[in-house]
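The structure appears below as structure tokens.
The values are calculated or read from the model by the stated rules, or taken from the named source; none is laboratory data. Because the structure is a prediction, the values reported are computed rather than measured. Counting neighbours? That spans all protein chains shown, and the Cβs are built from the backbone with ideal geometry, glycine included. Keep in mind that these areas ignore ligands, DNA and RNA; they rest on the heavy atoms of the full protein, side chains included. Shrake-Rupley method; radii C 1.70, N 1.55, O 1.52, S 1.80 Å.
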Amino acid sequence: MTTADRMKRTQDDSETREFGFETRAIHAGHRPDPTTGASAPPIYQTAGFVFEDTESAAAYFNLQEYGNIYSRIMNPTVAAFEERIANLEGGAGAVAFASGMAAQMATFYTLVQPGDHLVASQAVYGGTVTQLKHTLAKLSVDVTLVDPDDLSAWEAAIRPNTRACFGETIGNPGGNILDIAAVASVAHDHGIPLIVDNTFASPALCRPIEWGADIVLHSATKYIDGHGTSIGGVTIDSGAFNWSNGRFPAVAEPSAEYHGLAFHETFGVYGYLMKLRAETLRDLGAALSPFNAFLYTLGLETLPVRMERHVRNAMGVASFLEGHPMVERVRYAGLESSPYHALAQRYLPQGAGAVFAFDLKGGRTNGRAFIEALRLWSHLANVGDTKSLVIHPASTTHRQLNDEELASTGVAPGTIRLSVGHETLDDLIWDLENGLRAAQATQEKTQAAAHAANTTEPTEPTQVTL
Ligand SMILES: Cc1ncc(COP(=O)(O)O)c(C=O)c1O
């Protein structure tokens, strides 16, 4: 076959060929710049875009034609990232936001009206629990938190005014795995969507839409960025949910905020996304910066290889910890001992992620000693970095929760959360040994002090007989 024939065949096939995940991670959403030939996505660092004429400007503002208006609502660099992540998750499209929290808030906000209700897993990121229980309450939206493993609890919590079910693929920090297909089926039986935060799995390990989820969220700050440099978030819609089933006036009925436009009827599979962008992003204003979008597009290129390395190191670290006498339990679904192992094999066959928690013996004091003795692991409030990270949730990320809420998210006083990075596995284990030795020394001191207190119990004053 001549080169010309081979090229012709490639051109012919490329329309129909189903490219693999790794290929799409590198190529989806971006073609070389037609003006300059630049192969990396250009950073369009501009607030506004010059309109061709007044007619096309009006058509853009009326949403009759899709064109760039203003970077709070859309931007070509951000669009390249949105298209790539939507492709990788198997969605119809995506809208990016300034943070994961902003993506979540905007996603819920677009669905609800005052007086509505949501059902959510209780075993999710502490900041999410606060957003659900307290911030949404200010909009008169009530949220019922349920044990994510109990399907009858999801079912029982759904009311006529419930607008969505929500959970995390891999719970932060408890490492619980959501039975996505089963919860999606409960939600769909009631005509409501399942929204899944897929941050800890990333689309390289799990694609919730393939299991029946309707909307997928990410804190792009984590594995999508991959290097702990920039805050961002994104919402991906499958495009498959029927918003016109009578339960979603906020999406289906004519919008007073958009001169009577009925988003679902007008835009079909893009109806929810258009409302999310043209109304919610426009009005709440938490737009992703073009520079961060550029970094995320690059991040996605290496996501599949990075996740392979993450899960390999995570398995090594979890196996080491499981055998250590100072460790009460390791909550990693990749381990056979985990109650979530079977679910992980189903939903995460390439690995159960690299963020997980373990419980140190001796609780809070030992937790502090452990963290302070570490030299290589960074003590900080983030996950999903090439660098290995560690935190003590009870005193940091989950500090706003009361004791009852803390227990319900699966956090104990001695729980330590790890985000396993890409360093040499032996070095990571060497440093964990430093921490565990320090925790053991603290434990011994505490025990010696308790023993001394017991043996020096007040005794009867000695009687002196003369
Ligand atoms: C699972 C999960 N979802 C959402 C968020 C919020 O994301 P961001 O910090 O980008 O706002 C976090 C933050 O840690 C998280 O861990």
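General observations
- The number of residues in region 189-224 that are within 11 Å of the ligand (Cβ to nearest atom), of a type in the set (A, V, I, L, M, F, W, C) and open to solvent by less than 10 Å² (accessible area, probe 1.4 Å) comes to 5.
- Qualifying residue in region 196-208 (condition: under 30 Å from residue 26 (Cα atoms), in a loop (DSSP other than H, G, I, E, B), among the charged types (D, E, K, R) and modelled with pLDDT of 95 or more): yes
- So residue 135, is it within 15 Å of the ligand (Cβ to nearest atom), open to solvent by 10 Å² or more (accessible area, probe 1.4 Å) and either charged (D, E, K, R) or not in a loop (DSSP other than H, G, I, E, B) (or both): yes
- Check on residue 126, in contact with a Leu (Cβ under 8 Å, 6 or more places away or on another chain), open to solvent by less than 20 Å² (accessible area, probe 1.4 Å) and under 21 Å from residue 417 (Cα atoms): yes
Table: residues versus (1) in the same structural domain as residue 41 (by TED's automatic domain parsing); (2) modelled with pLDDT of 95 or more; (3) among the small types (Gly, Ala, Ser).
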position: 259; (1), (2), (3): yes, no, no
position: 276; (1), (2), (3): yes, yes, no
position: 280; (1), (2), (3): yes, yes, no
position: 288; (1), (2), (3): yes, yes, no
position: 313; (1), (2), (3): no, yes, no
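- If the condition is being in a strand (DSSP E or B) and within 15 Å of the chain's Cα centre (by Cα), then region 106-126 contributes 120, 121.
- Total residues in region 144-165 satisfying the condition of being under 19 Å from residue 408 (Cα atoms) and crowded, with 21+ Cβ neighbours inside 10 Å: the figure is 5.
This table checks each residue for (1) part of a helix (DSSP H, G or I); (2) assigned by TED's automatic domain parsing to the domain that holds residue 336; (3) farther than 14 Å from residue 123 by Cβ.
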site	(1), (2), (3)
159	no, no, yes
167	no, no, no
188	yes, no, yes
192	no, no, yes
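- Residue that is farthest from the chain's Cα centre (by Cα), among those in region 356-378 that are open to solvent by 10 Å² or more (accessible area, probe 1.4 Å) and under 15 Å from residue 330 (Cβ atoms): 361
- Of the residues making up region 271-302, just one is open to solvent by less than 10 Å² (accessible area, probe 1.4 Å) and of a type in the set (D, E, K, R), namely 279.
- Here residue 346 clears all of (1) farther than 24 Å from residue 209 by Cβ; (2) under 20 Å from the mean Cα position of the chain (by Cα); (3) open to solvent by 40 Å² or more (accessible area, probe 1.4 Å); (4) charged (D, E, K, R) except the condition numbered (1).
- Scanning region 33-91 for residues that are among the aromatic types (Phe, Trp, Tyr), open to solvent by less than 60 Å² (accessible area, probe 1.4 Å) and in a loop (DSSP other than H, G, I, E, B) gives a single hit, 49.
- Residues of region 19-32 that are surrounded by 13 or more Cβ atoms within 10 Å (Cβ to Cβ) and either assigned to a loop (DSSP other than H, G, I, E, B) or touching a Cys at 6+ places or on another chain (Cβ under 9 Å) (or both): 19, 28, 29, 30.
- Subset of region 245-262 [surrounded by 17 or more Cβ atoms within 10 Å (Cβ to Cβ), under 15 Å from residue 162 (Cα atoms) and not basic (Lys, Arg)]: 248, 250, 251
- Of everything in region 225-243 that is more than 16 Å from the ligand (Cβ to nearest atom) and buried (at least 17 other Cβ atoms within 10 Å of the Cβ), the residue that is farthest from the chain's Cα centre (by Cα) is 243.
- The one condition in (1) touching a residue at least 60 places away in the same chain (Cβ under 8 Å); (2) part of a loop (DSSP other than H, G, I, E, B); (3) surrounded by fewer than 17 Cβ atoms within 10 Å (Cβ to Cβ) that residue 381 fails to fulfil: (1)
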